[in-house]
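Here is the structure we will look at, set down as structure tokens.
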Amino acid sequence: MFKYKRKARFLYSSLIGYRCWRVTMFITSFSLSSLLLYIILSTQPIMNESQLLAVSCSIAILVGLIGALLQYVGLFIHGFCFGLILSIITFICLDMKNRANGLSTSFWLPIGLILFLGLICAILSLRFQKSMIILTSSCLAGVCHTIVLDYFLQLSVLLQFIHKRLLLESTRTLCLRHWIIILILPIVMLFGIVIQYSCTGKNHDHRDSWQRGIIF
């Protein structure tokens, strides 16, 4: 069920992510906060799986509403989420280069990248709001689409690879099939940017949408 929801989020984010920007802020804030809360709460042995999901999703709904109703909070979280994706991609590339050269990757590298790129993209999102909303929503759509394909085609091999490398655990080398699935991300991202700039986001200012409502 969650995989089909990700598929629906891909269609929404890539086509009308900017047009319905407050819903986009809610989805991004909810997804990021629920993921972080789940990771943090999973360290508590007294909670089972259903309790973890219930608590993390309940708190994430509140965070999502805050991100949707408070414009600058939502934009900051939206930009930070884009920076998080960039930092993970950068870390994987640097890590693969280090492994090819026989070098070990520092534990502080992913932490530094997440903080640096996350804050940079969050600040850029506050400054260049329309461009960053379109760029980030298209990128998130590409990520969701890649995760769904990864799950249905190879049972989340790529997701497990990224998770293990972030924990600096040993993994197998990616093959050609994995790289083909990864290429879906930039293709979907480019598709979403073109559609939103040329159609759904054209002649639309998100700063006025709260007063006049959403018009399709």
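General observations
- Surface accessible to a 1.4 Å probe, per residue, for the residues of segment 15-69, Å²: 52 Å²
- For the pair residue 70 and residue 46, a Förster radius of 25 Å applied to the C-beta separation gives a FRET efficiency near 0.15, rounded to the nearest 0.05.
- The calculated FRET efficiency for the pair residue 183 and residue 156, based on their C-beta separation and a Förster distance of 25 Å, comes to about 0.90.
- Remark: spin-label model distance residue 199-residue 120 equals 3.3 nm, labels positioned 7 Å along the Cα→Cβ axis.
- Each residue, residue 170 and residue 36, gets one label point 7 Å from its Cα in the Cβ direction; the gap between the two is 3.4 nm.
- Relative contact order for segment 70-171, counting Cα pairs under 8 Å that sit 6 or more residues apart, in percent: 34 percent
- Judged by the mean number of other Cβ atoms found within 10 Å, the most tightly packed of the peptides 66-79, 168-181 leads the ranking 66-79, 168-181.
- Note: relative contact order over segment 17-142, using C-alpha pairs below 8 Å and six or more positions apart, is 31 percent.
- Net lengthening on full extension, residue 98/residue 128 (0.36 nm per residue, minus Cα-Cα): 7.4 nm
- Accessible surface of segment 28-149, 1.4 Å probe, proportion on carbon and sulfur as whole %: 77 percent
The values are calculated or read from the model by the stated rules, or taken from the named source; none is laboratory data. Computed from a predicted model, the values in this text were never measured in an experiment. Heads up, the Cβs are rebuilt from the backbone with ideal geometry, glycines too, and the neighbour counts pull from every protein chain shown. The protein model used for the area step is the full one, side chains on, heavy atoms only, and it has no ligands, DNA or RNA in it. Shrake-Rupley method; radii C 1.70, N 1.55, O 1.52, S 1.80 Å.
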